[in-house]
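Written below as structure tokens is the structure these notes are about.
The numbers here are math on the coordinates, done by the rules we state, and not lab data. Just so it is clear, the structure is predicted and the values come from calculations on it, not from any experiment. Here the Cβ positions follow ideal geometry from the backbone for every residue, glycine too, while neighbour counts run over all protein chains shown.
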Amino acid sequence: MAHAAPSAFGRHRQTANTAHLHKSAFVGPVLLGLVYGFWAAFIERQAGPVTVGNVFYGILCGVIFAAIMFGLARVGPRMMREVHAAAYGAFGGIAAGYLHSLTDQSILKAVVVGLAVAAGVGLAAFYRYYTHED
């Protein structure tokens, strides 16, 4: 009955309820937040010079994007797969629609782009969660 043997002294098994976060939990949201913030600042600049306001705008957009993405990554696995996929779809659609609204195009076009991205991201996320179920 080797499977019932006690573990070695000093070794602790981590459970799913631990609040410890690994560094890799921050890498994805931070990198995508940097890209999103840079992209938003670039669009907001509108071919003019880089200003302090542009830099702060990009930082603010990137931090908000990364914080929401980190929150979805932490809370998402506790949701039903349909709600989890819908949350990522809504987040992707809102983020893409907002970036498109910065381009001085029609608000209707920004809404259509946001809805298209939301549908695509939501369907892809649902497919992933449905096929990788425990």
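Structure notes:
- Segment Arg81-Leu32, extension gain: residue separation times 0.36 nm, minus the distance between their alpha carbons: 15.3 nm
- Maximal additional length on extending the Thr51-Lys109 stretch stands at 18.1 nm, based on 0.36 nm per residue less the C-alpha distance.
- The P(r) of segment 80-134 has a tail past 17 Å containing 38 percent of all C-alpha pairs.
- Difference of contour (0.36 nm per residue) and Cα-Cα distance, Phe42 to His132: 28.7 nm
- Relative packing of 112-125, 90-103, 68-81, which averages over residues the other C-beta atoms within 10 Å, highest first: 90-103, 112-125, 68-81
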